[in-house]
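Student: Quick one: the structure is below, questions incoming.
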Amino acid sequence: QFATRVVSCRAAELRPEGGGEPVRGFQVVLEDTILFPEGGGQPDDRGLIGDVPVLRVTRRGPEAVHFVQEALEPGAEVLLSLDWDRRFDHMQQHSGQHLITAIAEHMFGFKTTSWELGRQRSVIELDTPSMTAEQIEALERSVNEKIRERVPVVVRELAADDPEIERVRSRGLPDDHAGPVRVVDIEGIDSNMCCGTHVSNLSDLQVIKLLGTEKGKKNKTNLVFLAGNRVLKSIEQSHSTEKALTSLLKNGPGEHIEAVKRLQSSVKLLQKNNLNLLRDIAVLIARDFKSKPVQSQLFVLHRKEGDSEFMNIIANEIGSEETLLFLTVGDEKEAGLFLLAGPVEAVENLGPRVAELLGGKGAGKRGRFQGKATKMSQRGEVQALLQEFISRRSPEA
């Protein structure tokens with residue numbers, strides 16, 4: 001916590017990170033603050049001004065701007081409280097990034113070109129087209145050795161014209177920077193120009209886990225990592241998943257993979273058999289219709305289980321020179337597929353209207369119009385439309 005005073009408060013809007021409608025509120029500047037404004041790859045802090053939640057902290061020149069939803073009186077004394085769990089998590093990830101960056105460059109010559117502290121995991125962009133599994137393993141082993149050595153992390157402030165700045169790793173200062181330059185040193189390992197928040201000793205990182213790499217942009221590699229409490233949370237989630245799989249699969253964790261492979265093989269075989277049965281059913285349905293002495297001019301069929309092939313087999317077997325076919329598959333209360341088949345002119349006229357009634361989209365050619373439907377419950381209206389069309393075309397019917 002930190003006691004300070006309100007300098008200014010003005011109405012403003014905040015655009016949510018996930019998108020959506022802007023939030024109305026106020027931008028508050030304090031005499032000083034313990035909340036970190038976003039920058040340097042690190043997200044901003046959260047906290048309270050009195051009992052008013054701070055939703056965002058940004059930097060405007062030398063000032064930190066706090067966004068809140070209640071107006072605060074300029075000149076008023078306030079108590080600022082920091083969300084320590086969020087801050088410490090960011091400290092662990094940011095110091096972890098400095099350590100990984102320094103060791104990766106020292107061991108392999110891979111320079112860091114950018115990084116991102118994400119909500120679930122963090123990513124370091126390395127200037128290399130790839131990393132081998134052996135390099136990742138060696139890097140992880142080395143950074144965790146440094147954590148066990150309990151190396152101090154020290155913050156210094158240098159004058160902007162101090163010649164030592166030239167020896168400090170940096171991606172450059174912001175255009176609007178003013179005042180001293182902040183340097184974060186991991187003793188004997190790294191010296192880096194940085195505005196972010198850090199632990200005071202590598203032992204506070206607890207552990208670092210490198211999750212692997214992903215292909216980056218412009219021939220670069222993204223190295224994904226977790227540090228500190230995020231590693232513990234990941235293990236907890238994995239253990240919960242493992243316990244659930246042990247209960248479902250009725251075997252130990254070491255046998256899970258083989259059990260899932262067996263299940264996948266069984267599912268593939270069942271799907272193949274099911275498709276063969278559906279094809280046989282489609283043929284039988286069509287033959288049953290054709291065997292009747294007097295064939296209706298309209299054939300309507302809905303089946304929950306089925307696919308486009310099922311519907312097309314029926315249409316092929318029946319033939320569509322005289323009969324108008326309206327076939328649907330899927331859950332009657334949800335989305336599904338439809339097929340309208342029959343005389344070319346009739347299908348061309350009716351197809352778009354059928355799709356509209358079913359709340360879907362479709363396309364057709366040569367007497368077939370098929371597509372997806374979102375309102376399968378409207379099948380009755382479609383059937384009525386088709387019946388009316390046939391009645392108008394064949395008054396004697």
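Student: Please report the carbon-and-sulfur percent of the accessible area for the chain; probe 1.4 Å, protein heavy atoms only, DNA, RNA and ligands left out.
Tutor: Within the chain, the accessible surface is 50 percent carbon and sulfur.
Student: Determine, from the Cβ-Cβ distance of ASN273 and SER391 and an R0 of 51 Å, the FRET efficiency 1/(1 + (r/R0)^6), rounded to the nearest 0.05.
Tutor: The computed FRET efficiency comes out at 0.75.
Student: With every atom except the alpha carbons ignored, what do you get for Rg and Dmax of the stretch 2-82, in angstroms?
Tutor: 11.9, 34
Student: Now for a separate question. What would the Debye equation give as log₁₀ I(q)/I(0) for the stretch 274-393 at q = 0.20 Å⁻¹, counting only Cα atoms as equal point scatterers?
Tutor: -1.10
Student: Could you check the spin-label model distance between LEU232 and ALA259? Points 7 Å from the Cα along Cα→Cβ, value in nm.
Tutor: Roughly 2.9 nm, to one decimal.
Student: While we're here: Over the stretch 274-393, give the accessible area per residue in Å² for a 1.4 Å probe, as an integer.
Tutor: Ligands and nucleic acids excluded, the result is 56 Å² per residue.
Student: Solvent-accessible area per residue for the stretch 2-82 at a 1.4 Å probe radius, Å²?
Tutor: 53 Å²
Student: Sticking with this one: Report, to two decimal places, the Cα Rg of the chain normalised by 2.2 N^0.38 Å (N = number of residues).
Tutor: 1.54
Student: How high is the relative contact order of the chain, given as a whole-number percent (alpha carbon pairs under 8 Å, six or more residues apart)?
Tutor: Once normalised by length, the contact order is 10 percent.
Student: Give the calculated FRET efficiency between GLU134 and GLU334 to the nearest 0.05, with a Förster radius of 45 Å applied to their Cβ-Cβ distance.
Tutor: 0.35
Student: Nearest 0.05, what FRET efficiency do GLU157 and GLU242 give at R0 = 51 Å with Cβ-Cβ as r?
Tutor: Calculated value: 0.60.
Student: Angle between the Cα long axis of helix 133-148 and the longest principal axis of the chain, 0 to 90 degrees, nearest 10?
Tutor: So the helix axis and the longest Cα principal axis differ by about 40 degrees.
Student: Now, a different point. How large is the dipole of the chain about the Cα centre if only Lys and Arg carry +1 and Asp and Glu carry -1, each at its Cβ, rounded to the nearest 20 debye?
Tutor: My answer is approximately 1840 debye.
Student: Right, here's the next one. Could you sort out which of LYS304/LYS372; LYS268/LYS333; LYS272/LYS333; LYS209/LYS261; LYS111/LYS220; LYS333/LYS375 sit more than 19 Å apart by Cα distance in this structure?
Tutor: Cα-Cα > 19 Å for LYS268/LYS333; LYS272/LYS333; LYS209/LYS261; rest within.
Student: Give a residue-ordered list of calculated ³J(HN,Hα) values for the stretch 17-26 (Karplus: 6.51 cos²θ - 1.76 cosθ + 1.60, θ = phi - 60°; whole Hz; x for Gly, Pro).
Tutor: Going residue by residue, I get 4, x, x, x, 5, x, 9, 7, x, 9 Hz, with x marking Gly and Pro.
Student: Right, another one. Whole-Hz ³J(HN,Hα) for each residue in the stretch 179-193, computed from phi via Karplus 6.51 cos²θ - 1.76 cosθ + 1.60 with θ = phi - 60°, x for glycine and proline: what do you get?
Tutor: Coupling constants for the stretch 179-193: x, x, 9, 8, 10, 9, 10, 9, 3, x, 10, 7, 9, 9, 5 Hz.
Student: With every atom except the alpha carbons ignored, what do you get for Rg and Dmax of the stretch 87-235, in angstroms?
Tutor: Looking at the stretch 87-235, its Cα Rg and Dmax stand at 15.1, 47 Å.
Student: Right, something else. Please give the helix 308-318 orientation as an angle from the longest Cα principal axis of the chain, in degrees from 0 to 90, rounded to the nearest 10.
Tutor: Helix 308-318 sits roughly 10 degrees off the main axis of the chain.
The values are calculated or read from the model by the stated rules, or taken from the named source; none is laboratory data. Bear in mind the structure is a predicted one, so any value in this text is a computation, not a measurement. Positions of Cβ are backbone-derived with ideal geometry, glycine not excepted, and every protein chain shown enters the neighbour counts. Surface accessibility is based on the protein's heavy atoms, side chains included, excluding ligands, DNA and RNA. Shrake-Rupley method; radii C 1.70, N 1.55, O 1.52, S 1.80 Å.
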